[in-house]
Each structure stands twice: as C-alpha cells, then as structure tokens.
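Working notes for the structure below.
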Amino acid sequence: MNLYLRYFNNETLVHNVDEAISFLSSISEIEMNDELEADIRQYAASDVYYPKRYKVRQRVYFIIIKTTAETMQDFKDKKAVRPMEGGAVRERKEIGAGATTKLTEIREGWYEGTLDFKRVVMVPSTGKHEYRDTHFVAQCKANSGQDCYNRIVDYLRSRVDGRSQFPSAKGKNFYFQYLGMWK
C-alpha cells in the first residue's frame, strides 16, 4: 500500500511510512513530533482506507490517502481506485438501474402512488405561510410509474400553493405500486 501526501502545492507518492514522515519533516510549517508520527504510522498500518487529514494550524491541513497506485500519474488518472468488497459496486449499480428501469417500464393499468411533499399552508393565527410535510396517496390509471408520478404531481399543482415543493420521482419520497390491468 502506497501513500499520497499533499500540503498545498507540495505533494508526493511514497511507498512506505518512513518516506512519508521524511517528506512531512521537510516542510517547515509542519511540526513533526512523536505523537503525529505515531498517528501516521497507525493510520498506515490500519485497514482504514478513507483519506485522513491532519491540522497544521487554523483552517490549514495536510492529507494522506492510501492507494495502490505505483506512480503519481497512475494516482492522478485514478487507475488505482480501490474496489469495494463483495461486488458491492456492481450490486449498487444494478439496484439503481433496476429502480430507474422499473419506474419507466411501460405497463398499462392501475397504479397506487404515494408522495411525500412540502406543502405551503397559511397559519391562521399569524397570517404567514409555512411548509408542512404532507403525505398524499392516490390511485390512477397510468402507463408506467413515471406516468403515475406525473399525473399525481399535475393534479396537486392545480390544487395547492405554487410554492409547494415536490420530490423527484426517483427519490425516496415517491413510491408506486402496480395494482393491475384496467378494464
């Protein structure tokens, strides 16, 4: 495992912790002490792969990133990006693609759509307006989940304040269920 270190325009890719500590010691603004050295060694030896930043002074940091890149150019080209274990990347892409495909799949019939949105309502005691979380459920004839969403939002836009906010059809605040073919 190699380490990429960066402090402003000073950057390097090193192959072990001793080289990293030597690089950091060469920068006059970074005060290398035993505690910092021990922490860097512990980070390099750990199974943690997220970048780590160390404070130099207020709002000024240097970062260390673990990488399998052998050269600085490989690191810059992101050729050594660490894959997630267990094929989680592929599974996440398949789930995301499945949800989008399911939303746009043409399947004529009855749908039940559930939408959680921010509705603008007037508070009678103050005369001011505020956003309220509103849960809306409707059954409608549609050609797809996206068509169901569009029909529900069109219906609501004509009946609520124009400042109300509707979520994306792909988000977690819209859910639909196919009920069956219409007659």
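The values are calculated or read from the model by the stated rules, or taken from the named source; none is laboratory data. This one's a predicted model, so the numbers in the text were calculated from it and none came from an experiment. For neighbour counting, all protein chains shown are included, and Cβ atoms are generated from backbone atoms with ideal geometry for every residue, glycine included. Please note that ligands, DNA and RNA were not included when accessible areas were found on the heavy atoms of the full protein model with its side chains. Shrake-Rupley method; radii C 1.70, N 1.55, O 1.52, S 1.80 Å.
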Residue selected from segment 49-105 under the condition modelled with pLDDT of 85 or more, assigned to a loop (DSSP other than H, G, I, E, B) and open to solvent by less than 100 Å² (accessible area, probe 1.4 Å), by the criterion nearest to GLU35 (Cα to Cα): PRO51
Matching residues, segment 149-162, being touching a Lys or Arg at 6+ places or on another chain (Cβ under 9 Å) and in a loop (DSSP other than H, G, I, E, B): VAL160, ASP161
Selection from segment 163-183 of residues that are assigned to a strand (DSSP E or B) and surrounded by fewer than 16 Cβ atoms within 10 Å (Cβ to Cβ): GLN165, TYR175, GLN177, LEU179, GLY180
ARG132 being in contact (Cβ under 8 Å) with a residue 40 or more places away in the chain and open to solvent by 30 Å² or more (accessible area, probe 1.4 Å): no
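Quick one: in segment 1-37, which of the residues that are of a type in the set (Gly, Ala, Ser) and either in contact (Cβ under 8 Å) with a residue 60 or more places away in the chain or part of a helix (DSSP H, G or I) (or both) is surrounded by the most Cβ atoms within 10 Å (Cβ to Cβ)? Walk me through how you get there before you give the answer.
In the first step, residues of segment 1-37 are kept if they are of a type in the set (Gly, Ala, Ser); the result is 20, 22, 25-26, 28.
Among the residues that remain, those that are also either in contact (Cβ under 8 Å) with a residue 60 or more places away in the chain or part of a helix (DSSP H, G or I) (or both) are: 20, 22, 25.
Numbers: ALA20: 23, SER22: 13, SER25: 12.
Result: ALA20.
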Candidate set: segment 135-162, residues that are under 30 Å from ARG107 (Cα atoms) and of a type in the set (Asp, Glu); chosen: the one surrounded by the most Cβ atoms within 10 Å (Cβ to Cβ): ASP147
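Take segment 146-164 and flag every residue that is under 19 Å from GLN177 (Cβ atoms) and within 27 Å of the chain's Cα centre (by Cα). Before you say what the answer is, go through the steps one by one.
Quick first cut of segment 146-164, residues under 19 Å from GLN177 (Cβ atoms) only: 146-153, 155-156.
Correct list: GLN146, ASP147, CYS148, TYR149, ASN150, VAL153.
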